[in-house]
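Novice: Here you go, one structure.
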Amino acid sequence: MNDLLFIIEQVNGKHYYNLLIIILLNSWHFFGDPAQMLKTHFRTAWRGIRRNKVYSALNILGLASGMAAALLIGLWVYVQVSYDRFLPGYQQVYKVRYNTNNNGEINTSNSTNLPLAQALKEDFPEIKYVAQTDWMGPHPLSVGDKRINVNGAMAGSDFLKIFQYSFIQGNAGTALSDPYSIVLSQTTAVALFGQEDPVGKMVRIDNSHDLRVSGILKDLPANSTFQFSFIVPFAYYSATDEGVKNSLDDWNNNSFQTFVALQPNISYADLAPKIKGVLVKHSPKYFGQTKAALFLEPLKDWHLFSEYRNGVATSGLIDYVEDVRAHRNPHPGYRLYQFHESLHSTFRKKGARSGHP
């Protein structure tokens, strides 16, 4: 067997067929013994490593670095495409947007007016839930001497039915039913109440109103588009903010967000042509001139597609994800060929440096 190893090490790269014959003639007797074959390969590899320590260390380091880089890139891609997909029923969740035509230039808006939510709910049985929200900014919360400043949402009563985040206490059906209530994240509840049970206790918001804790949510994962620490009913917002109150019936004030969940058996493709003209129908003077066309943006695309051109989602993080995918050749034979060519080229260069033909 040692003779065979010597022959393999010394053979010229031009005599592959002779080498194949030699291998077949000298190795038939252990083809049936995988353990012996693995032992032989390991001994050969170990001999090469000991003989070329620096060269072997560089190769192993390069291989390890390449594998680590590939793993990190793969994990990054996985995280990007997993955004919001932890939510039950995410396939039926959409954000309401619309396109306008300004002298041939198509612009896409992600802000909507408040009466649109009620119109969608009443006019389209295909839509199961509708909720409007603010833009989820920071607010001060306090309990006694404890005071924190965290991001929160003012959201319609169906919001937690659309976005089915996990509750630790409370439920989506009643958590936002009382205008003067508040739902806290787990971390926010601990920051304000420590280890006490917070449900039913009061939290002061914006140093102006006291709200009763109606539920506790598990902290939102990192791959959630929304990152809020509390939710307050939109009814509280409209009751305490004069500008919002005056906008409840104003089709021209597009300062809010609207989200919907479709019925389980409904396809958006069937609903799309029906809702397209809703804005023009209810406010022809304001939306008619620009031919405003309503559409729904699926939750699964929010993180990846952030840029619209001519009314169509075209780019965003998806560009980087697809770029990574484009450089990954899936054919294992091609990867093996690349590895073989690289290895063969290396040994040719090594042989030239050592004086072998």
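Novice: List the lysines whose Cα lies under 18 Å from the Cα of Lys95, skipping any in the same chain that are fewer than 8 positions away.
Specialist: Within the straight-line cut-off, Lys95 pairs with Lys121, Lys128, Lys161, Lys274, Lys276, Lys300.
Novice: For Arg212 and Asn246, calculate 0.36 nm times their separation in residues minus their Cα-Cα distance, and state this gained length in nm to one decimal.
Specialist: Working: separation 34, 0.36 × 34 = 12.24 nm, distance 2.56 nm.
Stretched out fully, the Arg212 to Asn246 stretch lengthens by 9.7 nm.
Novice: Here's another thing I want to ask about it. Rounded to the nearest 0.05, what FRET efficiency do Lys285 and Lys201 give with R0 = 45 Å and r taken as the Cβ-Cβ distance? Could you check? Please list the in-between numbers first.
Specialist: Working: r = 48 Å, r/R0 = 1.07.
Efficiency computed from Cβ-Cβ geometry: 0.40.
Novice: Determine the share of region 71-173's accessible area contributed by carbon and sulfur atoms, expressed in whole percent, with a 1.4 angstrom probe. Walk me through the numbers before you get to the answer.
Specialist: Values: 2380 of 4810 Å².
C and S atoms contribute 49 percent here.
Novice: Just to check I understand the Karplus step: with θ = phi - 60° and J = 6.51 cos²θ - 1.76 cosθ + 1.60, what whole-Hz values come out for region 159-171, glycine and proline as x?
Specialist: My calculation for region 159-171 gives 4, 7, 8, 6, 9, 8, 5, 7, 8, 8, 9, x, 8 Hz in order.
Novice: How large is the accessible surface per residue of region 99-240, computed with a 1.4 Å probe and reported in Å² as a whole number?
Specialist: Accessible area per residue: 43 Å².
Novice: Enumerate the calculated ³J(HN,Hα) couplings along region 241-254 in order (Karplus 6.51 cos²θ - 1.76 cosθ + 1.60, θ = phi - 60°), each rounded to whole Hz, writing x wherever the residue is Gly or Pro.
Specialist: 10, 4, x, 5, 4, 6, 8, 4, 10, 9, 6, 9, 9, 8
Novice: Please report, as a whole percent, how much of the solvent-accessible surface of region 218-273 comes from carbon and sulfur atoms (probe radius 1.4 Å). Walk me through the numbers before you get to the answer.
Specialist: On the way: 1200 of 2580 Å².
Whole-percent figure for carbon plus sulfur exposure: 47.
Novice: Here's something else I'd like to know. What GluC sites (Glu not before Pro) does region 108-202 have in DSSP loop regions with at most 11 other beta carbons within 10 Å? Intermediate values should be presented prior to the final figure.
Specialist: Values: sites: Glu122, Glu126, Glu196; in loops: Glu126, Glu196.
Qualifying residues, ordered by number: Glu196.
Novice: Over the alpha carbons of region 101-143, what is the largest minus smallest coordinate on each principal axis, giving the biggest first in Å?
Specialist: Principal extents (largest minus smallest coordinate, Cα): 53, 31, 14 Å.
Novice: Can you tell me the length gained on complete extension of the stretch Ala239 to Ser65, counting 0.36 nm per residue apart and subtracting the Cα distance?
Specialist: Stretched fully, the Ala239-Ser65 segment lengthens by 56.8 nm.
Novice: Right, here's the next one. Roughly how large, in nm² to one decimal, is the mean projection of the convex hull of the alpha-carbon atoms in region 222-318? All intermediate terms of the calculation are to be shown ahead of the outcome.
Specialist: Working: hull surface 35.2 nm².
Its average projected convex-hull area is 8.8 nm².
Novice: Taking 0.36 nm per residue of sequence separation and subtracting the Cα-Cα distance, how much length would be gained by fully extending the chain between Arg51 and Leu75, in nm to one decimal?
Specialist: Details: separation 24, 0.36 × 24 = 8.64 nm, distance 3.69 nm.
Difference between extended and current length: 5.0 nm.
The values are calculated or read from the model by the stated rules, or taken from the named source; none is laboratory data. This structure is a prediction, so every number in the text was calculated from the model and none was measured. Cβ: placed from backbone, ideal geometry, glycine included. Neighbour counts: every protein chain shown. Remember, those area values only see protein heavy atoms, side chains included, never the ligands or the DNA or RNA. Shrake-Rupley method; radii C 1.70, N 1.55, O 1.52, S 1.80 Å.
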